[in-house]
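Participant: If you scroll down you'll find the structure; I have some questions about it.
The values are calculated or read from the model by the stated rules, or taken from the named source; none is laboratory data. Since the model is a prediction, treat every value here as computed from it, not as a measurement. In this analysis, Cβ positions are derived from the backbone assuming ideal geometry, glycine residues included, and neighbour counts consider all displayed protein chains.
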Amino acid sequence: MSILKSDREWLRKVMPYFGIKAVAIDYVETGRKWPDCWIEINRRPPLITVTQEWARQNKDERRKRIVHELLHLKGLRHGKKGRFVYHTKPELDNYSVMVYQDMVRGKV
C-alpha cells in the first residue's frame, strides 16, 4: 500500500484553503492500528506521515484525517469547539468531519 496519486493531488488542491504553501507527505508501515496519521509541525516543510491503517480507509475518511492534521498545522488544539469536538480518536472527532464536509460541499 501507499499514498494514492489522487490523495496527493487533493492535498495540493486544499493547501491554499489552509494558507499552507508546503507540506510533505510520507507513508510508513508500522504494523500498529494507531496512530494512523500524524504531523510533525516543526519540520520544514511540515511532514504528514500516514500508515497502512490510514490507507485502508475509504477516500472520505482518509481525507478527513488529513484535514485533522492540517488543522494542527494551523494551531488548532484538541478539545471542544462549540458543539463539535476536535479529538485524537477519529471516531470521536466530529470537528474535522464538519470542516471536511464543508470543503466537499464547496462552502470554503
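Participant: Collect the residues in segment 53-69 that are closer than 19 Å to Val28 by Cβ, among the hydrophobic types (A, V, I, L, M, F, W, C) and crowded, with 21+ Cβ neighbours inside 10 Å, keeping them in residue-number order.
Facilitator: Listed by number, the residues that qualify are Trp54, Ile66.
Participant: Give the residue that is surrounded by the most Cβ atoms within 10 Å (Cβ to Cβ), with candidates limited to residues of segment 73-95 that are farther than 15 Å from Leu11 by Cα and in contact with a strand residue (DSSP E or B) (Cβ under 7 Å, 6 or more places away or on another chain).
Facilitator: Tyr95
Participant: Testing Asp102 on (1) modelled with pLDDT under 95; (2) touching an Asp or Glu at 6+ places or on another chain (Cβ under 7 Å), one condition comes back false. Which one is that?
Facilitator: (2)
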